Ligand SMILES: Nc1nc2c(c(=O)[nH]1)N[C@H]1C(S)=C(S)[C@@H](COP(=O)(O)O)O[C@H]1N2
Ligand SMILES: [Mo]
């Protein structure tokens, strides 16, 4: 009936694909995980070089913590080493992360699903929840607004020592 209030409803993030336990997490559920924050940075577009704006300290949960909760490393399988993650936004925008990048480099420490900025709660109109990679050289591409799902994809067909 009244769709105007839909922006005020709590958004939901799903973790799915090649995981043991697909998850559906609202913001309250995101807040139950250990919180992590990333330092302020300038938002700059990769494609055009356009300076967008400075952003303050984001706070949220590390993406790798959510992926661990969903069970990316399945028992008896070494597929995780050729797994990539596709993160999808509400508008169809999508970006990639690799298992190595998130779990086996310092980049992963600063990839967070953010629900607050400068100690203020984000609203959907701010992009809640924002998936952001704090260690990227150019930040805008992986400053993904209104994250809706992250899917694990196992690429190729390598052997599993
Ligand atoms: N959901 C979503 N997030 C996105 C994008 C998008 O198209 N959709 N574009 C990215 C890119 S390439 C840029 S440059 C910035 C643009 O930010 P702005 O819309 O605040 O100018 O958002 C990033 N995050
Ligand atoms: Mo961009």
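Residue check: residue 53 meets all listed conditions (1) assigned to a strand (DSSP E or B); (2) in contact (Cβ under 8 Å) with a residue 24 or more places away in the chain but one, namely (2). Residues being within 16 Å of ligand 1 (Cβ to nearest atom), under 12 Å from residue 62 (Cα atoms) and touching a residue at least 60 places away in the same chain (Cβ under 8 Å): count how many of those fall in the stretch 82-113. Total satisfying the criteria: 2. Within the stretch 116-154, the set of residues being within 11 Å of the chain's Cα centre (by Cα) and farther than 22 Å from residue 45 by Cα comprises 149, 150, 151. Only a single item in (1) away from ligand 1 (no atom under 16 Å from the Cβ); (2) surrounded by fewer than 14 Cβ atoms within 10 Å (Cβ to Cβ); (3) in a loop (DSSP other than H, G, I, E, B); (4) modelled with pLDDT of 95 or more is not met by residue 135, and it is number (2). For the stretch 75-90, give me the residue count where each residue is outside any helix (DSSP H, G or I) and crowded, with 17+ Cβ neighbours inside 10 Å. So the count comes out to 6.
A quick yes/no check of all residues on (1) loosely packed, with under 14 Cβ neighbours inside 10 Å; (2) under 27 Å from residue 118 (Cα atoms); (3) within 16 Å of ligand 2 (Cβ to nearest atom):
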| residue | (1), (2), (3) |
| --- | --- |
| 53 | yes, yes, yes |
| 58 | no, yes, no |
| 65 | no, yes, no |
| 70 | no, no, no |
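Scanning for something closer than 22 Å to residue 120 by Cβ, in contact with a helix residue (DSSP H, G or I) (Cβ under 7 Å, 6 or more places away or on another chain) and modelled with pLDDT of 95 or more, does the stretch 81-94 turn up at least one residue? Checked the stretch 81-94: no residue is closer than 22 Å to residue 120 by Cβ, in contact with a helix residue (DSSP H, G or I) (Cβ under 7 Å, 6 or more places away or on another chain) and modelled with pLDDT of 95 or more. All conditions in (1) farther than 17 Å from residue 44 by Cα; (2) not in a loop (DSSP other than H, G, I, E, B) hold for residue 157, with the sole exception of (2).
The values are calculated or read from the model by the stated rules, or taken from the named source; none is laboratory data. All figures in this text were calculated on a predicted structure; none of them were measured in a lab. Note that we place each Cβ from the backbone using ideal geometry, even for glycine, and neighbour counts take in every protein chain shown.
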